[in-house]
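Here the structure comes first, spelled out in structure tokens, and everything after it is commentary.
The values are calculated or read from the model by the stated rules, or taken from the named source; none is laboratory data. These numbers come from a predicted model, not from an experiment. So basically every Cβ, Gly included, is an ideal-geometry build from the backbone, and we count neighbours across all protein chains shown. To get the accessible areas, we keep the full protein, side chains included, count just its heavy atoms, and leave off ligands, DNA and RNA. Shrake-Rupley method; radii C 1.70, N 1.55, O 1.52, S 1.80 Å.
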Amino acid sequence: MPLAFGGNKVRNLEFWLGQALERDCDLLVIAGAAASNQVRLTAAAAARLGLECLVLYAGPDSSLTHSNRLLTEMMGARIQSLGNVDEADREKLARQVVADQAAVGRRPYLVGDPVVGALGYVRAAQELHEQAGAAGLDLRHIILPGSMGITEAGMILGAAMLDLPWAFHLISVEYEAADLEVRIKTILASLCRLTEFSPMHDMLGRVRIHMDQLGAGYGRPTKASMQASYLFAQLEALVLEQTYVAKTFSGLLSCVARGDIPGDEAACIVHTGGTPAIFGPGVAGSPESVSPTG
Ligand SMILES: Cc1ncc(COP(=O)(O)O)c(C=O)c1O
């Protein structure tokens, strides 16, 4: 969390920027939406390292005021707009910009490879295991947001490498379960090739995907997620934004209520950051302000 409000991308960036520095790159290129935490933290890491950062924003102009974008600009990133393109076109355009920059003599690095980024969470699983051991905890359950699969695949592989008895509870905040599973499997297969690791068991055998917190979809708060953010703020002074973290904490509560996580088994929930979003538009209000269908 030491970098510009922090978040899970810091551990990904450790490996992305490691690769960029190893290749002697002088320009970081990153594409994303104005609300992107990954973009904000890339701009932050670039500022710390004294590297130039070129941000390619995609999406409607109405999102220009998002707090993550303000922070990205404040940290000195150069901004270019791609217009309102979808994820596939955004990636294509980003590769084109990288090729154009290389053609004029720059040494650009495109930030975001999911497999390289996931290595940060392989190590996180190992660190968590050591910390749990030092605290005398027999950790059994890990709760994470289910999203692009990078954090999830990294931790699942890290646990498999150490043969840990961890059950993973992925609280989907973005995709249908089958889609999320394919994303995780794809990253895991590449991670196994990269690390030359052959799992002894099906690594998804101990993974459960929970769909009960998604509500009306990605980035749409639910009554339960709003309640979770108020509850954890009041009990633990924890700040939970609505897109990823509040839904994940709400998922923890419902896993405990259903008995998926028994009260006498140690569990760890990973707070993945995203904090500036609580200052962004469209998130003010109380649990009562969310419509029953929200
Ligand atoms: C705050 C926050 N939590 C969770 C995630 C999801 O992480 P992953 O893409 O590794 O699934 C993101 C990704 O953007 C994020 O910004």
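Determine, yes or no, whether Arg69 is crowded, with 16+ Cβ neighbours inside 10 Å, within 13 Å of the ligand (Cβ to nearest atom) and closer than 19 Å to Ala277 by Cα. Spelling it out, it is not the case that Arg69 is crowded, with 16+ Cβ neighbours inside 10 Å, within 13 Å of the ligand (Cβ to nearest atom) and closer than 19 Å to Ala277 by Cα. If I filter the range 1-11 for residues that are open to solvent by 40 Å² or more (accessible area, probe 1.4 Å), touching a strand residue (DSSP E or B) at 6+ places or on another chain (Cβ under 9 Å) and within 14 Å of Val111 (Cβ to Cβ), do I get at least one hit? Checked the range 1-11: no residue is open to solvent by 40 Å² or more (accessible area, probe 1.4 Å), touching a strand residue (DSSP E or B) at 6+ places or on another chain (Cβ under 9 Å) and within 14 Å of Val111 (Cβ to Cβ).
When Val207, Val239, Val270 are screened for being modelled with pLDDT of 95 or more, open to solvent by 50 Å² or more (accessible area, probe 1.4 Å), within 30 Å of Gly136 (Cβ to Cβ) and under 20 Å from the mean Cα position of the chain (by Cα), only Val239 passes. Filtering the range 102-161 to residues that are open to solvent by 20 Å² or more (accessible area, probe 1.4 Å) and within 12 Å of the chain's Cα centre (by Cα) leaves Gly112, Pro114, Met148.
Of the residues Ser250, Ser254, the single one that is farther than 19 Å from Val182 by Cα and under 21 Å from the mean Cα position of the chain (by Cα) is Ser250. Just one residue in the set Ala47, Ala31 is under 26 Å from Arg123 (Cα atoms), surrounded by 21 or more Cβ atoms within 10 Å (Cβ to Cβ) and in contact with a Gly (Cβ under 9 Å, 6 or more places away or on another chain); that residue is Ala31.
Assess whether Cys25 counts as being modelled with pLDDT of 95 or more, away from the ligand (no atom under 16 Å from the Cβ), under 21 Å from Ala277 (Cβ atoms) and not aromatic (Phe, Trp, Tyr).
Considered against the rule, which asks whether it is modelled with pLDDT of 95 or more, away from the ligand (no atom under 16 Å from the Cβ), under 21 Å from Ala277 (Cβ atoms) and not aromatic (Phe, Trp, Tyr), Cys25 comes out as no.
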